[in-house]
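First the structure, in the form of structure tokens, and then the observations on it.
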Amino acid sequence: MSARPPQDLLDALLAAVAPLESAVVAFSGGVDSSVVLAVAARALGPRALGVTGVSPSLAADEAADARRVAAAAGSALLLVETDELDDPDYASNGPDRCFHCKRGLYADCARVATERGLRWILNGTNADDVGDWRPGLRAADDAGVRSPLLECGLRKDDVRAVARLLGLPNWDKPAQPCLASRLPYGTRVTRERLAAVEAVEAFLRRRGFRDVRARHLGEEVRLEVEPSRVPELQALRSDPALAHAVRAAGFQHCTVQPDGLRSGRLNDVLRATGPLPPEAPAP
């Protein structure tokens with residue numbers, strides 16, 4: 001975390017965004033883009049607009065939460081239907097899947113910006129995002145997207161501190177990458193597979209687990225929760241309700257990741273086969 005107090009970080013963000021005059025914020029509903037949206041609303045007033053892409057890759061409760069957080073951020077929000085599943089480069093689920101998703105999202109943001117007379121597109125990339133394989137960053141560069149958090153040097157902990165200072169209700173929300181990230185590279189992204197992992201994750205959240213992943217492995221679903229709560233999840237495996245939820249989602253059986261949830265696990269296969277692809281930012 002930065003040594004700078006959260007108020008200083010917020011002031012730096014406001015100073016960076018205010019000269020932009022107007023902007024569309026690519027808003028996922030996560031903490032990072034929420035801070036950018038709240039800062040844009042403060043600095044630009046009605047000349048700031050959040051845009052959230054809605055598709056089968058976005059869990060239904062995430063769309064509802066985006067509306068709530070945008071209201072808390074003081075910004076108008078526009079939901080746009082995206083069609084990434086119709087893009088064969090996305091649906092084939094190669095390691096560059098996120099590039100194709102973000103390329104489409106930023107094209108939608110650019111269309112909205114043109115229609116509304118707004119000048120810039122902003123996103124929630126922060127300084128910690130440049131240490132892993134994130135092809136979506138290349139799509140942002142190609143589209144001329146600005147990243148105020150990165151430009152001001154904020155890391156993830158800094159962003160959460162600013163979100164708390166701003167009173168955003170999701171300041172401590174766990175990261176929620178899109179549902180397609182639950183499918184191993186090479187497993188085709190379909191509505192049915194996305195709905196399956198969404199259903200299992202929704203069941204776990206109803207049981208009180210907060211940070212969850214349901215990894216789609218064909219007939220098997222592998223469950224990941226916070227490492228400290230793995231024993232609770234192991235105990236839940238004897239509950240018939242879990243077995244019913246797994247079968248209802250189309251899986252035959254489930255396993256539990258013994259070391260719990262770890263961000264970036266999907267990219268382990270890339271590291272195991274050699275250096276990350278050349279599009280990857282330097283660690």
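Taken together, the values in this text are just the output of simple stated rules run on the coordinates, not laboratory data. Source: prediction; values computed, not measured. Virtual Cβ from ideal backbone geometry, glycine too; neighbours counted across all protein chains shown.
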Length gained, R111-A3, 0.36 nm per residue minus C-alpha separation, equals 35.0 nm
Under-5 Å amide H pairs with L78, H placed in peptide plane, nonlocal only
G50, V51, T52
Taking R0 as 25 Å and r as the Cβ-Cβ distance between A16 and A175, the FRET efficiency 1/(1 + (r/R0)^6), rounded to the nearest 0.05, comes to 0.60
Under the Karplus relation 6.51 cos²θ - 1.76 cosθ + 1.60, θ = phi - 60°, what is the ordered set of whole-Hz ³J(HN,Hα) values for region 85-96, x standing for Gly and Pro?
5, 7, 8, x, 5, 7, 4, 5, 6, x, x, 9
Measure off 7 Å from each Cα along the Cα-to-Cβ vector at E226 and A64, then give the distance between these two points in nanometres to one decimal.
2.2 nm
So how tilted is helix 191-206 from the main axis of the chain? Cα-based, degrees 0 to 90, rounded to 10.
90 degrees
Charge dipole magnitude, Cβ of K and R +1, D and E -1 - the chain, Cα centre, debye nearest 20:
460 debye
With angles folded into 0 to 90 degrees, how steeply does helix 31-44 sit against the dominant principal axis of the chain? Use alpha carbons for both and round to 10.
20 degrees
Listed by chain and number, the residues whose amide H is under 5 Å from that of I121, excluding neighbours fewer than 5 places away on the same chain and using placed H, are V24, R146
Report the antiparallel proportion of the DSSP beta bridges in region 179-262 as a percent, rounded to a multiple of 5.
60 percent
When a/c is below 1.5 the answer is rounded, else prolate if a/b is larger than b/c, else oblate, so apply that to region 167-236 with a ≥ b ≥ c taken from the square roots of the Cα gyration tensor eigenvalues.
oblate
Correct choice for Cα extents along the principal axes in Å that was computed from the model, options [x] 77, 54, 33; [y] 61, 39, 38; [z] 56, 38, 36:
[z]
Kindly identify region 1-124 as rounded, prolate or oblate by the Cα gyration tensor criterion: order the square roots of the eigenvalues as a ≥ b ≥ c, call it rounded if a/c is under 1.5, otherwise compare a/b with b/c, prolate if a/b is larger, else oblate.
prolate
Only helical DSSP H runs with n ≥ 4 go in: add -39500 (n - 2.57) per run for the chain, normalise by residue count and round the 222 nm mean residue ellipticity to 500 deg cm²/dmol.
-12500 deg cm²/dmol
Residue-wise, which Karplus ³J(HN,Hα) couplings in Hz belong to region 74-83, taking 6.51 cos²θ - 1.76 cosθ + 1.60, θ = phi - 60°, and x for glycine or proline?
x, 10, 5, 9, 10, 9, 10, 6, 9, 10
Quick check for me: using +1 on Lys/Arg Cβ and -1 on Asp/Glu Cβ, what's the dipole size of region 6-165 about its Cα centre, in debye to the nearest 20?
520 debye
Please give the FRET efficiency for T190 paired with R265, using the beta carbon to beta carbon distance and R0 = 30 Å, rounded to the nearest 0.05.
0.90
Around L217, which amide H atoms from residues at least 5 apart in sequence, or from another chain, sit under 5 Å from its own amide H, with H modelled in the peptide plane?
R222
For the Cα atoms of the chain, what angle does the longest principal axis make with the long axis of helix 60-73, in degrees from 0 to 90, nearest 10?
30 degrees
Would you be so kind as to identify which of I121, P19, A161 lies farthest towards the positive end of the dipole of region 6-165, taking Lys and Arg as +1 and Asp and Glu as -1 on Cβ and the Cα centre as origin?
P19
Does region 1-49 classify as rounded, prolate or oblate by the C-alpha gyration tensor (a ≥ b ≥ c root eigenvalues; a/c under 1.5 gives rounded; else a/b over b/c gives prolate, otherwise oblate)?
oblate
With a cap of 10 neighbouring Cβ atoms within 10 Å, and only residues DSSP puts in a loop, list the GluC sites (Glu not before Pro) found in region 210-249.
E219
For R206 and E81, compute 0.36 nm times the residue count separating them, minus their Cα-Cα distance, and round to one decimal in nm.
42.3 nm
